[in-house]
1. Take the residues of the stretch 15-67 that are of a type in the set (A, V, I, L, M, F, W, C) and surrounded by fewer than 14 Cβ atoms within 10 Å (Cβ to Cβ): which is farthest from the chain's Cα centre (by Cα)?
2. Answer yes if at least one residue in the stretch 2-19 is outside any helix (DSSP H, G or I) and at pLDDT 95 or above, and no otherwise.
3. Restricting attention to the stretch 137-188, report how many residues are farther than 15 Å from Met113 by Cβ, of a type in the set (A, V, I, L, M, F, W, C) and surrounded by 19 or more Cβ atoms within 10 Å (Cβ to Cβ).
4. Filter the stretch 78-112 down to residues that are open to solvent by 20 Å² or more (accessible area, probe 1.4 Å) and in contact with a Ser or Thr (Cβ under 9 Å, 6 or more places away or on another chain) and give me whichever is farthest from Ala178 (Cα to Cα).
5. State which residue is farthest from Met113 (Cα to Cα) when the search covers only the stretch 1-59 and only residues that are without any contact (Cβ under 8 Å) to a residue 60 or more places away in the chain and of a type in the set (Asp, Glu).
6. Please list, ordered by first then second residue, the pairs with beta carbon atoms under 6 Å, 6 or more apart or interchain, first in the stretch 123-137 and farther than 13 Å from Met169 by Cβ, second assigned to a helix (DSSP H, G or I) and of a type in the set (D, E, K, R).
7. Does the stretch 148-159 contain any residue that is touching a residue at least 12 places away in the same chain (Cβ under 8 Å) and among the charged types (D, E, K, R)?
8. Which one is farthest from the chain's Cα centre (by Cα), of the residues in the stretch 160-183 that are under 20 Å from Ser201 (Cβ atoms) and in contact (Cβ under 8 Å) with a residue 60 or more places away in the chain?
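The values are calculated or read from the model by the stated rules, or taken from the named source; none is laboratory data. Remember, it's a predicted structure, so these values are computed and weren't measured experimentally. Cβ placement follows ideal geometry from the backbone for every residue including glycine, while neighbour counts extend to all protein chains displayed. These accessible areas exclude ligands, DNA and RNA; they are computed on the full protein's heavy atoms, side chains included. Shrake-Rupley method; radii C 1.70, N 1.55, O 1.52, S 1.80 Å.
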Amino acid sequence: MAEGLRERKKRQTRQYLSDVATGLFLERGFDAVTIAEIAEAADVSVNTVYNYFPAKEDLFFDRSKGLIDRLSRFVRARGAGESAADAVLRELREEVESVSPKVGLTEGYDRFMKVIQESAALQARLWRVQREQFENLEATLREETGAADDDPLPGLMAGQINWVHQALMTTVTEEMIAGRKPAEVSREALVLLDDVEELLSEKVLNYAVRAAR
């Protein structure tokens with residue numbers, strides 16, 4: 001369905017507010033910037049900002065919904081004969097090989113992550129996003145395998161697969177903050193993913209294999 005004029009304007013306004021706020025956060029730090037200052041810089045009212053973003057953290061993590069569903073999307077899109085872990089590893093390798101901003105391999109990612117490291121509020125929100133990512137993946141694995149509500153296996157498997165993603169992102173973040181170039185970090189991240197895969201058990205690597213049609 002085509003996007004209507006009203007929806008497009010709302011989307012553009014939301015993106016504009018997020019961009020203005022992010023610029024201020026990167027320049028001065030998250031805690032030092034107020035909603036009133038963001039509204040003034042964007043030439044809108046404080047109420048307008050709150051209409052789009054209920055909390056200041058929402059302005060910084062404007063795209064968190066995509067992060068929360070990220071691993072689940074990989075699993076749902078896996079091919080015939082491919083397990084949940086294989087699908088996630090394949091998708092992450094493809095993003096690393098292409099030096100994708102989706103895994104932090106872009107100039108400026110270090111500044112973004114430094115803002116988080118300097119703010120307890122943002123660290124708490126990031127933890128929540130990561131927790132929701134895990135819970136979303138667990139629900140997806142439970143649905144994909146038809147596991148009972150009291151079956152612990154989907155949660156255990158989600159923990160292992162989520163660890164793969166966190167190990168990658170932690171390493172990329174550390175290397176980018178250290179001043180490394182994205183292409184250099186990309187090559188080392190591919191080696192890391194190989195090492196991570198070797199650490200996963202066969203039970204994890206063969207879980208939730210999609211049957212051939």
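1. Narrowing the stretch 15-67 to residues of a type in the set (A, V, I, L, M, F, W, C): 17, 20-21, 24-26, 30, 32-33, 35-36, 38-39, 41-42, 44, 46, 49, 53, 55, 59-61, 67.
Now narrow it down to the ones that are surrounded by fewer than 14 Cβ atoms within 10 Å (Cβ to Cβ): 32, 36, 55.
Numbers: Ala32: 25, Ala36: 28, Ala55: 19 Å.
Step by step, filter the stretch 15-67, then rank; the result is Ala36.
2. Step one: of the stretch 2-19, the residues outside any helix (DSSP H, G or I) are 2-4.
With at pLDDT 95 or above added as a condition, the list becomes none.
Within the stretch 2-19, not a single residue is outside any helix (DSSP H, G or I) and at pLDDT 95 or above.
3. Going through the stretch 137-188, the residues farther than 15 Å from Met113 by Cβ turn out to be 137-165, 167, 181, 183-184, 186-188.
Those still in the list that are of a type in the set (A, V, I, L, M, F, W, C) too: 137, 139, 141, 147-148, 153, 156-158, 161, 163-164, 167, 183.
Filter once more, so that each one left must be surrounded by 19 or more Cβ atoms within 10 Å (Cβ to Cβ): 137, 141, 157-158, 161, 164.
Final tally of qualifying residues: 6.
4. Ranking the candidates gives Glu94 first.
5. Checking each candidate, the answer is Glu3.
6. Pairs found: Arg125/Glu57.
7. no
8. Kept after step one, since they are under 20 Å from Ser201 (Cβ atoms), are these residues of the stretch 160-183: 160-168.
Checking which are in contact (Cβ under 8 Å) with a residue 60 or more places away in the chain leaves us with 160-162, 164-165, 168.
On the way: Gln160: 17, Ile161: 14, Asn162: 11, Val164: 13, His165: 9, Leu168: 12 Å.
Result: Gln160.
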